[in-house]
Amino acid sequence: MIKTLRNTLMAAACVTMLTAPAAWADVKVGFLGGFTGPIEALTPPIFEGAKLAVKHVNEQGGVLDGQKIEMPSGDTTCVDATAAAAAGDRMVNAEKVIAIVGALCSGETIAVANSAAIPGGVLMISPASTSPAVSLLDDKDLVFRTAPSDSYQGEAMAKLLRSKGFDNIAITYVNNDYGKGFADALEGAFTAAGGKVAAKEAHEEGKADYRAEIGQLASSGADTLVVLAYASGSGQTIIRQAIEGGDFEKFVGGDGMIADELITAIGGDKLQGMIGTKAGKPVIPGAEVFSKLAKEANIDPTAVYAPQAYDAAFLIALAIEKNGKADREGLNKALREISSGKGEPIMPGEWEKAKKLIAEGKEIHYEGAGGTLTFDEKGDVPGVIVEMAVKDNRFVEVGQIE
């Protein structure tokens, strides 16, 4: 009798577990970035930006029926496409994420997209992949980015350099999708604006000695070296060796070089006056809201691509809510609906407001930390590029490049 009763109760419990709403189940949204390799100094604050968005969502009721977002992470190394593909495969097929924030380096985003995300129907939003090659993916409308393309940043850098009187530059770029796309855009815009690119050479990541490459660039007669590489990798080595050899008087860096680690490693006195560019926060309400929220969480709101990472994660949460289910299918369509430019504005941190409006069937539009984020047909957004400069042993933001 007791055994029969126990079996009946166990069976009833199993039925209850199978039929009860899965409010306890986490919704997995992955994060992929270069935790090791040449951008290891840049990746942690970007990850913190994404986690802050998840924290705001989870603290304000979670998605759908109260599910919390969980964010497993993976290391793409930035420079190893095989490692990136393996990390992407783990996210898509083992972790079973329904979307990914990342990757960061353009080559790794392309590798993950082609090998795992697109075949698995997984939405990706990169906060930092800026190569124009990302726009050319046959991605089934699954790959988006919250950072502007390097075709845009290259034009902005050219405008900045010409406005400051630079007329003869040499360019060295890391030999990958990011470096080549940026260098080509800069060369085209700088030349069109009346400047001269005396030399433009690719270099391989991971070498200990770049003196031969530096010497070839210096022989062009340019006094300014533009370095489109990574602050924890080849870019740092090239600038150090160029300073040691007295080959160039001035240095300019792209967004991958804007890290205080570069200054710590080489010395602020040696880099004083170095300038660069990176994606910035526009002068809009969402950017100001994010700055306040980030400071409260002890996150630097000006950290490279931290605002864009917050936006990527918050957009994914909004798309899940709009989609009405924690599934991969339909998520990209829902993303476009909540970033169409129509409806009630939603600022960073306003999850409860967004959730209520979506439940009421009202249109919303996310106005984020990095911009208003209306995606074009390629999943790209316009952006704001800001000037950075080395002052008092750190990179400081000078202002928006108009």
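The values are calculated or read from the model by the stated rules, or taken from the named source; none is laboratory data. Note that the structure is predicted; figures quoted are calculated from it, not measured. We place every Cβ from the backbone using ideal geometry, glycine too, and count neighbours over all the protein chains shown.
Some points to look at:
- Listed by position, the strands (runs of 3 or more DSSP E) contained in segment 340-398 that have at least 2 residues being in contact with a helix residue (DSSP H, G or I) (Cβ under 9 Å, 6 or more places away or on another chain) and in contact (Cβ under 8 Å) with a residue 40 or more places away in the chain are 364-366, 385-391.
Here is a yes/no grid of residues against (1) within 18 Å of the chain's Cα centre (by Cα); (2) closer than 25 Å to residue 218 by Cβ:
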residue	(1), (2)
129	yes, no
133	yes, no
145	yes, no
151	yes, no
156	no, no
193	no, yes
200	no, yes
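- Any chance residue 226 is aliphatic (A, V, I, L, M) and either assigned to a loop (DSSP other than H, G, I, E, B) or under 25 Å from residue 42 (Cα atoms) (or both): yes
- Number of residues in segment 206-216 that are farther than 10 Å from residue 242 by Cα and among the hydrophobic types (A, V, I, L, M, F, W, C) equals 2.
- The one condition in (1) in a helix (DSSP H, G or I); (2) outside the structural domain of residue 348 (by TED's automatic domain parsing); (3) not acidic (Asp, Glu) that residue 290 fails to fulfil: (2)
- Looking only at residues of segment 298-321 that are among the hydroxyl-bearing types (Ser, Thr, Tyr) and touching a strand residue (DSSP E or B) at 6+ places or on another chain (Cβ under 7 Å), we find that the one that is nearest to residue 57 (Cα to Cα) is 305.
- Within segment 65-107, tally of residues that are in a loop (DSSP other than H, G, I, E, B) and in contact with a Lys or Arg (Cβ under 7 Å, 6 or more places away or on another chain): 6
- Evaluation of residue 273 against the conditions (1) surrounded by 20 or more Cβ atoms within 10 Å (Cβ to Cβ); (2) assigned by TED's automatic domain parsing to the domain that holds residue 228 shows that the sole unmet condition is (1).
- Segment 63-89: number of residues that are farther than 24 Å from residue 147 by Cβ and in contact with a strand residue (DSSP E or B) (Cβ under 8 Å, 6 or more places away or on another chain): 5
A quick yes/no check of all residues on (1) assigned by TED's automatic domain parsing to the domain that holds residue 104; (2) in a strand (DSSP E or B); (3) more than 30 Å from residue 331 (Cβ to Cβ):
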| residue | (1), (2), (3) |
| --- | --- |
| 124 | yes, yes, no |
| 156 | no, no, yes |
| 160 | no, no, yes |
| 197 | no, yes, yes |
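- For residue 146, the criteria (1) surrounded by fewer than 24 Cβ atoms within 10 Å (Cβ to Cβ); (2) in contact with a helix residue (DSSP H, G or I) (Cβ under 9 Å, 6 or more places away or on another chain); (3) more than 27 Å from residue 215 (Cα to Cα) hold in every case but one, which is (1).
- Residues of segment 12-38 that turn out to be farther than 20 Å from residue 90 by Cβ and either modelled with pLDDT of 95 or more or crowded, with 17+ Cβ neighbours inside 10 Å (or both), as a count: 1
- First in segment 258-280 and polar (S, T, N, Q), second anywhere and assigned to a helix (DSSP H, G or I) and crowded, with 20+ Cβ neighbours inside 10 Å, Cβ under 7 Å, 6 or more apart: 277/153; 277/156; 277/157; 277/160; 277/255
- Sole exception among (1) hydrophobic (A, V, I, L, M, F, W, C); (2) over 17 Å from the mean Cα position of the chain (by Cα); (3) assigned to a helix (DSSP H, G or I) for residue 315, by number: (2)
- Of the residues making up segment 233-258, those that are modelled with pLDDT of 95 or more and in a loop (DSSP other than H, G, I, E, B) number 6.
- Cβ pairs under 8 Å, 6+ apart, first in segment 123-146 and at positive phi and of a type in the set (A, V, I, L, M), second modelled with pLDDT under 95 and in a helix (DSSP H, G or I): none
- Here 230, 210 are screened, and the one residue that is in the same structural domain as residue 158 (by TED's automatic domain parsing), within 20 Å of residue 38 (Cβ to Cβ) and touching a Cys at 6+ places or on another chain (Cβ under 8 Å) is 230.
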